[in-house]
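The values are calculated or read from the model by the stated rules, or taken from the named source; none is laboratory data. All figures in this text were calculated on a predicted structure; none of them were measured in a lab. Don't worry about glycine lacking a Cβ; one is built from the backbone with ideal geometry, like all the others, and counts go over all protein chains shown. All accessible areas refer to the heavy atoms of the entire protein, side chains included, with ligands and DNA or RNA removed. Shrake-Rupley method; radii C 1.70, N 1.55, O 1.52, S 1.80 Å.
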Amino acid sequence: MKKNKELQQLIDKLHCERNLSHAEWTTLIAGRTPELAEYLFSLAREERHQYYGHDVYVRGLIEFSNYCRNDCLYCGIRKSNLNANRYRLTEEEILSCCQSGYSLGFRTFVLQSGEDGFFTDDKMVHLIRQIKTLYPDCAITLSIGEKSRESYQRFFDAGADRYLLRHETYNEEHYSRLHPACLSAKARQQCLWDLKEIGYQVGTGFMVGSPYQTPGHLAEDMLFIHDLNPHMVGIGPFIPHHDTTFANEPAGTLELTLFMLGLIRLMIPKVLLPATTALGTIHPRGREMGIQAGANVVMPNLSPTSVRKDYLLYDNKICTGDEAAECRHCMERRMESVGYHIVTSRGDSLNN
């Protein structure tokens, strides 16, 4: 009981001061209880309602290529997975996804892919300009991995508004256990600082419950996110993929992911916080529970149904068969079931 009271005081301190020390973060994350989580979620909802009301922003996700030059140990589309059924959408197919999304009310398109060298900077710039010309009232979010600062600048100048790049884990040693030697935590973090300096609305995030992760690692993640002060934070549970090194590792939990969502909302009250597909994959009502823990964004899939099952970063991914319209209306009903409503706007971050 005494311990719970001390941990509640840490939540109150976070609510008031918007940050904790590494030791305090570690203690709070390691000592969490269901009662503590409910207290946290009630405060997180208050903060979210203060800035965003009961609105939930939708992003139309277009997974346009599952080719990737990287070999991250946890990822189903890693280059050494010879069982992956590879595909690339043409520019026409991508624009068709945008057209159907626009007619359904989407005003943000998220272009996501593996790090695919086929999509050169010139091709991406042309695509971004095409979308901006056709849909000038829409925001374009890119999620295409680590690039040079010059590439990021070119995409921004062409009209890209936002960039999602999860840092995955701040701790260098932990990062090295999840990635091949050619990738480093420092290089990834530098990309995020570059994106922020250029002027993007920047999103970062991490996997919850990835192999070898400790509460201390999550504490480092929170301190990094506080320093970066991003516009968006995307987190989701680690879910193993059968064709990877970590096929037999346990998945991250719904419970810890929701707790981290609540903590992020208290730390950066104006942040955009998605209830991710991975949350919906580990629990049938995971996304609804994410919204009740402080999240305010969902990302239905606009990709052609013929390729959705092939953009498989982890096993059992949901929504691989629904048409875009079904996905959108299903999401609407889900959000309404917990007292929230989908809004059709760009949904820019209030965090500056």
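List of remarks:
- Residue list for region 287-313, filter: under 19 Å from CYS68 (Cβ atoms), open to solvent by less than 30 Å² (accessible area, probe 1.4 Å) and in a loop (DSSP other than H, G, I, E, B): SER303, ASP310, TYR311
- Filtered residues of region 11-36 (kept if surrounded by fewer than 18 Cβ atoms within 10 Å (Cβ to Cβ) and in a helix (DSSP H, G or I)): ASP12, LYS13, HIS15, CYS16, GLU17, HIS22, ALA23, GLU24, ALA30, PRO34, GLU35
- Qualifying positions in region 207-259 - out of contact with any Phe, Trp or Tyr (no Cβ under 7 Å at 6 or more places or on another chain), in a loop (DSSP other than H, G, I, E, B) and among the polar types (S, T, N, Q): GLN213, THR214, ASN229, THR245, ASN248, THR253
- Selection count where residues are within 26 Å of HIS179 (Cα to Cα) and either small (Gly, Ala, Ser) or open to solvent by 10 Å² or more (accessible area, probe 1.4 Å) (or both), scope region 238-277: 21
- Annotation note: Cβ proximity below 8 Å between a residue of region 251-271 that is under 19 Å from SER21 (Cβ atoms) and a residue that is polar (S, T, N, Q) (sequence gap 6+ or interchain) occurs for MET267/ASN19; ILE268/ASN229; ILE268/ASN351.
- Subset of region 119-163 that is outside any helix (DSSP H, G or I) and of a type in the set (D, E, K, R) - its residue that is least open to solvent (accessible area, probe 1.4 Å): ARG162
- Some residue of region 300-307 being without any contact (Cβ under 8 Å) to a residue 60 or more places away in the chain and of a type in the set (S, T, N, Q): yes
- Region 314-338, residues that are free of Cβ contacts under 8 Å to residues at least 40 places away in the same chain and in a loop (DSSP other than H, G, I, E, B): THR320, GLY321, ASP322, GLU323
- Meets criteria (touching a helix residue (DSSP H, G or I) at 6+ places or on another chain (Cβ under 8 Å), open to solvent by less than 40 Å² (accessible area, probe 1.4 Å) and modelled with pLDDT of 95 or more) for GLY280: no
- For region 43-65, the candidate set comprises residues that are touching a residue at least 60 places away in the same chain (Cβ under 8 Å) and assigned to a helix (DSSP H, G or I); within that set, the residue that is most open to solvent (accessible area, probe 1.4 Å) is GLN50.
- When each of TYR175, TYR170 is tested for being in contact (Cβ under 8 Å) with a residue 40 or more places away in the chain and surrounded by 16 or more Cβ atoms within 10 Å (Cβ to Cβ), the lone residue that passes is TYR170.
- Only one of the numbered conditions (1) at pLDDT 95 or above; (2) under 20 Å from the mean Cα position of the chain (by Cα); (3) not hydrophobic (A, V, I, L, M, F, W, C) is not met by GLY76, and that is (1).
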